[in-house]
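What follows is one structure encoded as structure tokens, with my remarks underneath.
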Amino acid sequence: MAGYDTDDASISSAGSYSSASSFLSWSSSHLGDDSSSSSSASSSPSSSAKCRLERKFRRLLHARRPRRSSAARAKKELRPLCWSGVPDRYRAESWRVLLNYVPADPARRAASLRRKRAEYNRAAERCYGSPIGAAYSHSRPIEEDEGASSLTAEVDAEVLRQVRKDVPRTVPDLALFREPRMQSRLERALYVWSHRNPAAGYVQGMNDLAVPFFIAFLKGYHHQRQSEDDADGKDSEEEECLDEDGAAGALDSRAPRRALEDVPDAVLDDVEADVYWCLSRLLSGMQDHYTHAQPGIIRMIRHLEDVLTAIDPDLSDHFQRTGVEVLHFAFRWMNCLLVRELPLNCVLRLFDSYLSEEDAAGRDELHVYVCAAMLVRYSSRLRSMEHDDLLEGLTQPSTSGEDEGSGLPLGEITCSDVEVMLGQAHVWRTTFGGSRARIECARLEQKRGGRVRARAQEKENKPNAPSCSLDQAAEESHATEGGDGIVDRALSALNGVGVGMGDADFLYY
């Protein structure tokens with residue numbers, strides 16, 4: 001069953017249909033319904049297509065595997081399926097499997113969950129000093145721990161101060177994260193992670209990365225509870241495949257406080273533990289994003305600059321002309337994976353694809369191309385802005401979906417738009433193949449094309465000068481570049497044909 005395993009005694013007796021319906025209704029109205037994102041072929045897939053997709057997820061996630069090799073094959077099949085979007089009811093379970101938090105074999109999954117949650121419980125009690133389930137009252141005082149060195153105690157105290165500053169700032173527009181019960185669990189998970197990973201420690205932005213996991217696991221729990229309560233009245237497989245609006249019922253106006261009050265502490269404790277472990281798996285591949293000088297983020301920003309120069313040289317030139325560096329606005333995009341910029345239902349859809357990547361390098365590369373696709377989406381608008389408006393538009397986007405001032409209206413982006421950007425990112429990644437040489441070739445080709453057009457225009461503007469076609473200008477440009485031309489030399493270097501090492505070096509340095 002999707003969501004939280006009913007073998008856990010603390011969960012099987014908790015929850016009700018009303019609590020599940022209220023949370024799903026609230027999340028649909030405040031986060032947006034992303035049920036359409038479960039199919040990349042169409043923005044509004046038919047009910048039968050949804051049923052077929054859910055049957056695939058149910059088979060891969062719940063079918064008993066007699067051998068470990070079978071479970072490994074199922075996980076291998078799960079990755080491309082999740083890359084194209086995961087239905088709400090299977091997202092929590094799929095993410096846990098993709099991140100290797102739980103085994104792919106469902107027979108071993110419940111025991112693994114209980115063991116890992118108990119391990120986190122012990123670690124939180126030891127590091128944070130308060131039991132799981134405590135109310136958010138800053139129960140761990142900022143003071144030196146007995147038996148700890150003064151330096152260690154000072155570092156821990158500073159980390160806790162920073163975490164407590166950032167927790168109230170986390171998605172402030174979402175009332176769910178203004179609830180004390182949610183804030184206490186977010187604070188504890190971040191502090192425990194920092195305590196157990198002192199080399200990286202806590203860095204601003206980690207709090208944002210925890211948000212999609214909290215949302216996905218809470219929605220997974222409520223989908224499970226509703227499925228259990230509906231099981232007696234819905235026997236056919238077709239009825240079980242109702243879309244998210246049908247499952248949640250009509251949208252209501254219940255406040256998130258009441259919806260969250262219906263969730264027992266035992267469930268929130270398990271959600272917190274799952275968020276901690278999944279966030280740990282995500283951050284384990286991003287350690288160089290948070291060490292001194294954050295070289296991982298700088299590397300991604302430089303990659304974005306190269307890609308943008310190749311795919312949209314006009315926008316890249318406009319940034320240079322206006323004095324706007326990609327670093328000025330893209331640092332937060334790389335640090336928070338667009339959690340602060342996009343609507344949360346779109347973030348969940350992005351994470352479906354990010355977590356489906358085989359490794360952290362693939363996830364970073366895909367994210368760079370997604371950011372490039374987002375810039376290209378608003379290229380014409382950005383090229384009409386000057387320095388101040390550019391910085392405001394890129395660093396202070398409108399998240400309400402309305403066109404406010406010069407801020408980019410990123411709030412208008414839907415899951416269907418995200419799928420278009422993911423598709424474009426995949427095409428570019430396949431084209432360039434992660435090779436700096438291929439990106440440089442594309443950039444040089446664009447640069448050469450610009451020179452050719454400029455040469456033709458220059459000849460056209462000269463009085464009494466013979467007309468010059470683009471082909472003639474290209475021949476002249478080819479000749480002035482010295483024989484083979486710089487683009488041909490780049491292609492030769494890429495293919496390793498007829499070029500010495502000295503000729504190939506210019507591609508990388």
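Computed quantities for the displayed model
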quantity: Relative contact order (%) - criterion: Cα under 8 Å, at least six apart; region: the stretch 68-115; calculated: 37 percent
quantity: Per-peptide average of other Cβ atoms within 10 Å, ordering 207-213, 421-427 highest first; calculated: 207-213, 421-427
quantity: Solvent exposure, largest accessible area first (probe 1.4 Å, DNA, RNA and ligands not counted), of Asp352, Asp173, Asp359; calculated: Asp173, Asp359, Asp352
quantity: Solution diffusion estimate, µm²/s, Stokes-Einstein, the stretch 267-410, Kirkwood Rh from C-alpha pairs, 20 °C, viscosity 1.002 mPa s; calculated: 131 µm²/s
quantity: Computed FRET value (nearest 0.05) for Ala175 with Gln320, which takes r as the C-beta separation and R₀ as 35 Å; calculated: 0.25
quantity: Extension gain from Leu327 to Lys56, taking 0.36 nm per residue of separation minus the Cα-Cα distance; calculated: 93.4 nm
quantity: The stretch 170-211: relative contact order as a whole-number percent, Cα under 8 Å and 6+ apart; calculated: 34 percent
quantity: Table column - 3J(HN,Hα) (Hz), the stretch 416-430, Karplus curve with 6.51, -1.76, 1.60, x for Gly and Pro; calculated: 5, 5, 4, 5, 5, 5, 5, x, 5, 4, 5, 4, 5, 4, 5
quantity: Packing-based order for 277-284, 115-122, using average beta carbon neighbours within 10 Å, highest first; calculated: 277-284, 115-122
quantity: Heavy atoms of Ser47 accessible to a 1.4 Å probe, total area in Å² rounded to 10; calculated: 70 Å²
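The values are calculated or read from the model by the stated rules, or taken from the named source; none is laboratory data. From a predicted model like this one, the values you see are computed outputs, not experimental measurements. Every residue, glycine among them, receives a Cβ derived from its backbone with ideal geometry; neighbour counts consider all protein chains shown. Areas reflect the complete protein model, heavy atoms only, side chains present, ligands, DNA and RNA absent. Shrake-Rupley method; radii C 1.70, N 1.55, O 1.52, S 1.80 Å.
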